[in-house]
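Read the structure below first, then the notes.
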Amino acid sequence: MFKSGCRMSRVAILDYFGPKMLVTATKTIVRFLIVLALMLPSTQSFASAFNPVGTWRTKLEAEIRIERCGAQKYCGRVSKAAKPGLTDKRNPDPTMRNRPIEGILLITFSKSNDPSVFEGELYNPLDGKMYEGTARMPNSNTIQLKGCLFYSILCLKENWVKIAP
């Protein structure tokens, strides 16, 4: 196209490259929008697929039954303690220290601004304290719980595995 020694004005160069660059840029933008449009439905279906209802096994081999307890709220109770006969001995309320671990309300959470994250409270019977927490489901058989102290500065995470619907 360009011969050595041939001088073109800026207008001629812009006229030559301008339309082609515009077409190339337009094609790139259209491809990006198509990919984005294809990804959005799958992202929305994943977010709406958050369904923690079922029985879950914890790291310590306890079993937690999570059920709906409101329109957009979930509650989890201990259905099987890690060891038979465990009591809530570290509960700050002395009148509750002899209650069995089985049946106690362990988690309550509801939808947050992020549709893939639920926020709520988690009770830890190992220390008798309530923690602010979140729950995520990376897949239908795993729930990731995170409990935090001090405005989310100190956090602990634990994954539970689904063992029954």
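The values are calculated or read from the model by the stated rules, or taken from the named source; none is laboratory data. Because the structure is a prediction, the values reported are computed rather than measured. Quick reminder, even Gly has a Cβ in these numbers, built from the backbone with ideal geometry, and neighbours come from all protein chains shown. Protein only, heavy atoms only, side chains kept; ligands, DNA and RNA dropped before computing areas. Shrake-Rupley method; radii C 1.70, N 1.55, O 1.52, S 1.80 Å.
General remarks:
- The residues in the stretch 122-145 that are without any contact (Cβ under 8 Å) to a residue 24 or more places away in the chain, in a strand (DSSP E or B), closer than 21 Å to residue 80 by Cα and open to solvent by 40 Å² or more (accessible area, probe 1.4 Å) can be counted, and the count is 3.
- Every condition in (1) in contact with a Gly (Cβ under 9 Å, 6 or more places away or on another chain); (2) open to solvent by less than 80 Å² (accessible area, probe 1.4 Å); (3) modelled with pLDDT under 90 holds for residue 156 except the one numbered (2).
- Just one of (1) out of contact with any Asp or Glu (no Cβ under 7 Å at 6 or more places or on another chain); (2) assigned to a strand (DSSP E or B) fails for residue 151. It is (2).
- Test: residue in the stretch 89-99 that is within 20 Å of residue 143 (Cβ to Cβ) and touching a residue at least 24 places away in the same chain (Cβ under 8 Å): no
- Criterion (within 20 Å of residue 71 (Cα to Cα) and at pLDDT 90 or above) met by exactly one of 120, 128: 120
- Qualifying positions in the stretch 70-89 - in a loop (DSSP other than H, G, I, E, B), of a type in the set (D, E, K, R) and open to solvent by 50 Å² or more (accessible area, probe 1.4 Å): 83, 89
- Among the residues listed as 115, 92, the single one being assigned to a loop (DSSP other than H, G, I, E, B) and more than 20 Å from residue 53 (Cα to Cα): 92
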